Each structure stands twice: as structure tokens, then as C-alpha cells.
Amino acid sequence: LEHNVIFDHLTISAGFVAAKSSWSNMNMTIYPGLDVSYVMGRVKLFASYNSSLRLPSFTEMYYKLQGYAADPHLKPEEMQAVELGSQIHTPVVSAKVSAYYHHGKNMIDWIMDTTQGEQAQWQSVNHTQLNAYGLEAALQVPVKIGQFDLSYSYIYQDKANEPGIVSQYALEYLRHKLVAGLQTKEWRGISMRLNCRWQDRVGAYTSFDGTMCDYRPYALVDARIQKQTQRYMVYVEANNLFDNRSYVDFGKVQQPGLWVVTGLKIYLHSRR
């Protein structure tokens, strides 16, 4: 159920979801949500409170092959989230900043106890509580050749990994992520997009020789150039432009180097 109230400068959206799971023997539970925004000229202030539920998947409950030991008695995970922020739009700059707090209960994760050596398995578990504090900021500035944009996100969790425990989801996250981009104006239908991202992940992984290693920060550069007409659009896109193969983003998974993709889109009717 949801209801929206719209005034000249104020918008309020409130509602709730009622959920009951017979499988987990949970009672009927109400998950409310409230979103409020207020516009003052070019500035918008917003705040929200939302709660949610996620039932464990079939894999998380019953997958027990190839080093995985699922738990059929997992509880549903629940989340409460609060966010405050503001944004501004002017001919010179567009910006947005927000801060949030997430309180998670019975968060589902796959973890491995590496102290068990070759007997170690990935196990699905419920984390009792998980609190996350975050900040997000974005900036867009028009420049002579196009538009420059910059975004940054920061997350801090009050639950840390225990020694020897490797997490796949809940305890390994991007604490810092910075993305800078440049979109050029079209010149005879040709435009270019250049992106550079730097990120720093929290957590550790086990190398192929069994050594525990912390994730290290890394940076990647992507580029895309395209030509657009009324009849077709052709593009070339390069990911990891400088062929960086030394970074680790998830466990022992080897990361690709330079990856180039090209494509052609044909319009059967002229674009207006």
C-alpha cells in the first residue's frame, strides 16, 4: 500500500509492505517506508526511511556440492535504511550529496574458515547484526569540450571480519570508490566518453598458495568513441585501457586485461 501527497514544494510518499513466510514460521510483519522531498528554487532537500525483507534463495538453503555447505534453516534477512541529502541544479554546476545508515538483521552471507585447511567449505550463514554508514557525492560541470563528472562513495561497517574468515558478500565491500568521467560534445556525429575509477575493497582473500592477502586499491581507465547519424551508430569501447592485470577484485579470480568491443546499430527509421 502506498500513498503520495504532492504540494507546491513538498512531496510526501508513504506506504508499507505486509509479509508472512510460512516456511520460516514468521508472523505477519509490517515493513513501512517514508520519502519526503522539499524543493527551494534550484535546491532539493530529501529524506527517507525504508525497511525491507529478503527471503533466502534455494541456493543459499540447499546447495551442498563442490565445497559448499548450505543451511536449510537460514532466517530471512531484514534491513532498515535512513537517508538524508540534498541536490542542486544550476547552469554552471549540478551536485548531489547524501548520507545514509543501514541496520541489517540476520544478513545472509557465504563465509569460509580458512583455518580448516583443505577441509574448509563455503557455508551460508546469518550475521546477527550489521550496521553500515555511508556517504555519496556527485558533481557535474559543463566544460568547453563537453561535460566533466565526478562521483565518490564511502562505506563503513561496524562488523569486521574475524581472523581466518573469508566473506563473499556482507563483510567484503567497497569502502572507497571514486569515478571521474569526461563526455565530449558531438563533432560531426562523433563523441567520446572517458572514465577513470579508483576503488578500495575491505576484506581479504586466499591466494593459490594458501596465503591470506588483503585487498589493495587499484585504478582502471575505460574509453568509448562513437559516431551517431540518423541511420546508424557505430562505436568502439575499450575497458581497462592500460591493460592492468595486477589487481584483485574478488578472491582468486583472475581479472581480464585490455578488452575491446566494437558494435554497429542500424535504425530502420530515421531518428528525430
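Remarks
- Other residues lying with their Cβ under 13 Å from the Cβ of S57 contribute a combined charge of -3, Lys and Arg counting +1, Asp and Glu -1.
- Estimated vicinal HN-Hα couplings, Hz - the range 174-182 in sequence order (Karplus 6.51, -1.76, 1.60; Gly, Pro = x): 7, 6, 10, 9, 10, 10, 10, x, 9
- With protein chains left intact and a 1.4 Å probe, residues in the chain average 64 Å² of accessible area per residue.
- Each 10 Å bin from 0 upward holds the following percent of the Cα-Cα pairs of the range 130-272: 10, 28, 29, 20, 11, 3, 0.
- Two-site label geometry, R231 and V43: point separation in nm, points 7 Å out along Cα→Cβ: 5.2
- Phi to ³J(HN,Hα) by Karplus 6.51 cos²θ - 1.76 cosθ + 1.60 over the range 65-73, Hz, x for Gly, Pro: 10, 6, x, 10, 10, 6, 10, x, 9
- Rounded percent of accessible protein surface that carbon and sulfur make up, the chain, 1.4 Å probe: 59
- Here is the list for the range 162-219: chymotrypsin sites (Phe, Trp or Tyr not before Pro) lying in DSSP coil, each with at most 11 other C-beta atoms within 10 angstrom of its C-beta, are F208.
- Distant-in-sequence amide contacts of A170, defined by a placed amide H-H separation under 5 Å and a gap of 5 or more residues or a different chain, comprise W110.
- 3J(HN,Hα) along the range 87-95: 8, 9, 10, 9, x, 9, 8, 10, 9 Hz, from the Karplus curve 6.51 cos²θ - 1.76 cosθ + 1.60 with θ = phi - 60°, whole Hz, x for Gly and Pro.
- Counting only residues at least eight positions apart within a chain, or on another chain, the aspartates and glutamates with an alpha carbon under 20 Å from that of K185 are D149, D222, E237.
- Over the range 40-125: Rg over Rh, Cα atoms, Kirkwood Rh: 1.27
- Listed pairs K177/K252; K75/K252; K44/K75; K64/K177; K20/K177 exceeding 31 Å between Cα atoms: K44/K75; K64/K177; K20/K177
- Labels on offer are (i) 47; (ii) 54; (iii) 62, and the one holding percent of Cα pairs over 26 Å apart computed from this structure is (iii).
- Among T184, T114, T262, the residue with the largest mean-square fluctuation in a Gaussian network model of the chain, with springs joining Cα atoms closer than 10 Å, is T262.
The values are calculated or read from the model by the stated rules, or taken from the named source; none is laboratory data. No experiment lies behind these values; they were computed from the predicted model shown. As a convention, Cβ positions derive from the backbone with ideal geometry for all residues, glycine included, and neighbour counts pool all protein chains shown. Just the protein is used for accessible areas: all its heavy atoms, side chains included, with ligands, DNA and RNA removed. Shrake-Rupley method; radii C 1.70, N 1.55, O 1.52, S 1.80 Å.
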